[in-house]
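Worksheet: the structure to be examined is printed underneath.
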Ligand SMILES: [Zn+2]
């Protein structure tokens, strides 16, 4: 069984209340067109017409060569963090996703990265977790490389 881990509420509230992103810049304010605007906190598509924030996020605890930063969307309004017990809406909108395992020290575990069909994410993650070196998995969009969420055991 895998867990789908959304961004923590603390950092999302920071952005939603006007805080800066990992580049020290204010999030851009936009209105969702309702297509392909996944919120990394509630793990749902941001509805058409709803306010959203576009900002840079680095989903790592430390700075090092593997600590990629990139664009993410979150709801502009306060939303509830997904409990992550089932595969969330935002991992159903594309046909496939990029997944890869990371070690406890936040390095890519080479050989684990794969582009997999949306329906196969859970099974492919279980397979990656059979490698004891893997501490967690990052899910990114297969076409644009945008960070979606983390998967834990
Ligand atoms: Zn949201």
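Every read-out reported here was derived from the displayed coordinates using simple, explicitly stated rules and does not represent laboratory data. As the structure is a prediction and not an experimental result, all values here were calculated from the model. Because the Cβ atoms are built from the backbone with ideal geometry, glycine has one as well, and the counts that use them run over all protein chains shown.
Based on the alpha-carbon gyration tensor of the range 98-153 and its eigenvalue square roots a ≥ b ≥ c, which shape applies: rounded if a/c is under 1.5, prolate if not and a/b is larger than b/c, or oblate?
In terms of gyration-tensor shape, oblate.
Name the residues of the range 106-140 whose amide N is less than 11 Å from a point 7 angstrom out from the Cα of residue 62 along the C-beta direction?
In the range 106-140, the label zone of residue 62 (backbone N under 11 Å from the point 7 Å along Cα→Cβ) covers 106-107.
Place a point 7 Å from Cα of residue 108 in the direction of its Cβ. Which residues in the range 52-92 have their backbone N less than 18 Å from it?
Under cut-off, by backbone N: 58-71.
Tell me the relative contact order for the chain as a rounded percent, counting alpha carbon contacts under 8 Å between residues six or more apart.
25
So how far, in whole Å, is the C-alpha centre of the range 100-138 from the one of the range 1-52?
Rounded to whole Å, the Cα centres lie 24 Å apart.
Provide the packing ranking of 22-32, 6-16, i.e. peptides ordered by the mean count of other C-beta atoms within 10 Å per residue, highest first.
6-16, 22-32
What's the ranking of 123-129, 103-109 by average number of surrounding C-beta atoms within 10 Å, highest first?
123-129, 103-109
Can you tell me the mean projection area, over all orientations, of the convex hull of the chain's alpha carbons? Units nm², please.
Average projection, Cα convex hull of the chain: 8.4 nm².
If you count the DSSP beta bridges with both ends in the chain, what percent of them are antiparallel, to the nearest 5?
Beta bridges within the chain, antiparallel portion: roughly 95 percent.
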